[in-house]
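The next block holds one structure in the form of structure tokens; read it before the comments.
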Amino acid sequence: MRAADRLVAETVRRSGPWLAVLAVTSVLGAFAQLALPFILGRTVDELVAGTSGGTGAATWLGACAAAVILTVLCDTLGVWAAGSSGARSSAWLRNRVVRNVLGVGPVITRRFPEGDLVTRMGLNTEEIGRAPESIVTGAALVIPTAGGVVALTLIDPLLTVTLVAGLVLIALVLRAFLTVSTSIAGDYQAAQSDIAARLVDALAGARTIAAAGTADQERARVLTALPRLRGHAMDMWRANARAGVQAGAVVPLLEVAVLGVGGLRLAAGDLTAGELYAAARYVVLGAGLGSALGYVSRLARARAAAARVEELTAESPRAYGTRPLPPGPGTLEFRGVDAGGLRDVDLVIPGGQAVAVVGRSGAGKSLLAAVAGRLVDPRHGTVLLDGVPLPDLSREALRHAVGYAFERPALLGDTVGAAVALGLDAPAATPGTGRHGASGRGRRGTRTGTGSGHRHDGRADGRGEVVRAAARAARADAFVRRLPLGYDTPLEEAPMSGGERQRLGLARAFAQGWRLLVLDDATSSLDTVTERQVARALSRELRDRTRLIVTHRVATAAAADRVIWLDDGRVRACGGHRALWADPAYRAVFQADTSSPADASFPPGASSPAGTSFQAGASSPAGASFQAGASFQAGASFRASTS
């Protein structure tokens, strides 16, 4: 728990000035409570003695009122300060955790389910944010306790011995409760995360659940951890009740013991009535350490939560270098790369080429794509872009040089235009080719009108033209213009199909990746005509960029300049599609096309620039699958391949 305790301590230090206000009010309130029994005792003595014509009694009564008012003011201001310091510390911790999680990248999302991450960054950080108040307020209880011991010592040492004996018992109860509660709270929070993770998965698959009619089964799966959660909650309740009874039983026993001893001293003439009253009050204050049970419980939950959050902050964010990207064509090199399922990958991809990455499921295609743009760092080996190791590049140089598009793109931003412009600088540079300029970007663009009257990306800078050009290349511009506000349409008001989302994801990659484009099955939801149009853009407008295309479609592989064939994390072969097609194992990768001979399905020219041979996906009545757009030679024969 040492790392967790350090995180709690750091959170306390980051609570801001309101924590100091809380500390001051807690200390002043504690001293006011400590002084009140003494003032009341002197008031009683003055009233009993009846001296000074009542002037002394009035003075002490005024002092009593002042002490009470000070206590109330301190409590009121303390509540405000506690809330403000807790909010500030929680905000600081959430900001740190979110920044760290996003800085680490996909590695951490593979280790922790999404629901678990949300719980740790939400509920758990909030519990840690309450730790400063618990520590300060709980520590302030020591002042009345210590003051009570000192005051009783001044009144009569025998009373002090009685109080100290009870305080030792209370301290032992609190220590045991802290240890037990921390363990139980950790188990309870883990059960919460389990339910949250299952719920997030269920919400993501809501359509599948509805289609399968398995809502009842899914509800039972989500709530699998509910009995465990209830068990931990009951354990926590029992621990609280047990500690409360143990600590609570000490207080009346102490009062009886002190009053008994004090009564004997009063009868012997060693105490006055006021001193006996003050002693009784000081016993209550001294035993008030038992009221720290609630603060200890909150501290236990904070420590347990800190242990969970610390697992997120322990992962070091990806470090970037400071080097810019020199001029170059976008040559990508893998030197002895080992990463997860990838082993001994040595490749050189010439700049400006379109390279398809194929292989069976689990062969490492997506991992190779992730390593190519440093979404994942390899355990061993180096990846270079135009001769520069990726870790040496600055964050800006790397992210402007590499553009990613995924099978299921996440659209982030307030508007459609902002989603495409994600990551672009403002004002944007309208890049030239990846071969121009050290940063992979070219001359500054200008914002031009479109006739729609909208800014498209929601900003009055040069990004509008970049966004619009990228959307045209991804064949997204037409459907975006049909939206009520065009590029300024809020995302939540722009329902889109899977193919339309993929087109926006492609547009985002085109807008930013000015040296290397990595497309991880990013056209799988496009219709055949749109896919051919995107392929034409890749082979024409974007031909100056290196294109690494993860695909399971035979036509995409046929259209690429080269094919990288992965098998069980290794590069089995690398070359032209026509040459590889002669291998039956290579043909088996594409399953549906395994019965098509290479010379029939892919006549001369099939490996020409993308856009000439993408599958139509149309099937004849017999189930035959044909290609659209292929330039078949006269007399060329081909036969249908059944699916």
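The values are calculated or read from the model by the stated rules, or taken from the named source; none is laboratory data. Remember, predicted model here, so these are calculated numbers, not experimental data. Note that each Cβ is placed from the backbone with ideal geometry, even for glycine, and that neighbours are counted across all protein chains shown. The accessibility values were calculated without ligands, DNA or RNA, using every heavy atom of the protein model including side chains. Shrake-Rupley method; radii C 1.70, N 1.55, O 1.52, S 1.80 Å.
Can you give me the % of accessible surface on the stretch 236-368 that is carbon or sulfur? Probe 1.4 Å, all protein chains present, nothing else counted.
Values: 3330 of 5670 Å².
Carbon-and-sulfur percentage of accessible area, whole number: 59.
Determine the relative contact order of the stretch 227-365: mean sequence separation of Cα pairs under 8 Å and six or more apart, normalised by residue count, in whole percent. Show your work: numbers first, answer last.
Details: 73 pairs, mean separation 19.3, N = 139.
Value for the stretch 227-365: 14 percent.
What Rg and what Dmax come out for the stretch 1-134 when only alpha-carbon atoms are used, in angstroms?
Calculated on Cα positions, Rg and Dmax stand at 23.7, 82 Å.
What distance in nm lies between label points placed 7 Å from Cα along the C-beta direction at Leu411 and Arg343?
That separation, rounded to one decimal, is 4.2 nm.
Can you work out D for the stretch 195-259 in µm² s⁻¹ from Stokes-Einstein, where Rh is the Kirkwood radius over C-alpha pairs, the temperature is 10 °C and the viscosity is 1.306 mPa s? Let's see the in-between values first.
Numbers: Rh = 15.4 Å.
The diffusion coefficient I find is 103 µm²/s.
Based on the alpha-carbon gyration tensor of the stretch 306-349, what equivalent-ellipsoid semi-axes (square roots of 5 times the eigenvalues) come out, in whole Å, largest first? Could you put the intermediate results ahead of the total?
Values: eigenvalues 202, 72, 8 Å².
For the stretch 306-349, the ellipsoid semi-axes come out as 32, 19, 6 Å.
For the stretch 148-198 and the stretch 220-280, what is the centre-to-centre distance using only Cα atoms, to the nearest Å?
Each part's Cα centre sits 11 Å from the other's.
For the stretch 236-283, report the accessible area per residue in Å² (1.4 Å probe, heavy atoms, rounded to an integer).
Working: 2520 Å² over 48 residues.
Accessible area per residue, the stretch 236-283: 52 Å².
Order these peptides, 162-174, 248-260, by their mean beta-carbon neighbour count within 10 angstrom, highest first. Could you put the intermediate results ahead of the total?
On the way: 162-174: 18.2, 248-260: 16.2.
Ranking the peptides 162-174, 248-260 by packing returns 162-174, 248-260.
Considering only protein heavy atoms and a 1.4 Å probe, what is the carbon-and-sulfur percentage of the accessible area of the stretch 117-205? Walk me through the intermediate numbers first.
Details: 2690 of 3660 Å².
Reported share for carbon and sulfur atoms: 73 percent.
Averaging over all projection directions, find the projected area of the Cα convex hull of the stretch 492-539 and quote it in nm² with one decimal place. Let's see the in-between values first.
Details: hull surface 15.2 nm².
The orientation-averaged projected area of the Cα hull of the stretch 492-539 comes to 3.8 nm².
Compute the distribution of all C-alpha to C-alpha distances in the stretch 157-298, in bins of 5 Å from 0, and list the percent of pairs in each, rounded to whole numbers.
Going from the shortest bin to the longest, the percentages are 2, 9, 15, 12, 10, 9, 8, 7, 6, 5, 5, 4, 3, 3, 2, 1, 1, 0.
Tell me, how many Å apart are the Cα centres for the stretch 76-141 and for the stretch 317-354?
38
Suppose each label sits 7 Å from its Cα in the direction of the beta carbon; what would the Trp80-Ala165 distance come out to in nanometres?
Computed distance between label sites Trp80 and Ala165 equals 4.6 nm.
Count charges around Asp521 for me, please; just the other residues with Cβ under 15 Å from its Cβ, Lys/Arg as +1, Asp/Glu as -1.
On the way: positive: Arg360, Lys365, Arg408, Arg501, Arg503, Arg547, Arg553; negative: Glu407, Asp520, Glu531.
It works out to a net charge of +4.
Write down the Kirkwood hydrodynamic radius of the stretch 514-595, to one decimal in angstroms, obtained as one divided by the mean of 1/r over all alpha carbon pairs. Walk me through the numbers before you get to the answer.
Details: mean 1/r = 0.0731 Å⁻¹.
Roughly 13.7 Å, rounded to one decimal.
Kirkwood hydrodynamic radius, the stretch 67-117, all distinct C-alpha pairs: what's the number in Å?
Details: mean 1/r = 0.0727 Å⁻¹.
Kirkwood radius, the stretch 67-117: 13.8 Å.
Taking only the alpha-carbon positions of the stretch 237-360 and ignoring solvent, what does the Debye formula give for the base-10 log of I(q)/I(0) at q = 0.09 Å⁻¹?
-0.60
Sorted from largest down, give the three principal axis spans of the alpha carbons of the stretch 110-214, whole angstrom values.
Reported extents, whole Å, longest axis first: 80, 23, 21.
Any idea of the accessible area per residue across the stretch 1-128, 1.4 Å probe, to the nearest Å²? Working shown, then result.
Working: 6660 Å² over 128 residues.
Normalised by residue count, the accessible surface of the stretch 1-128 is 52 Å².
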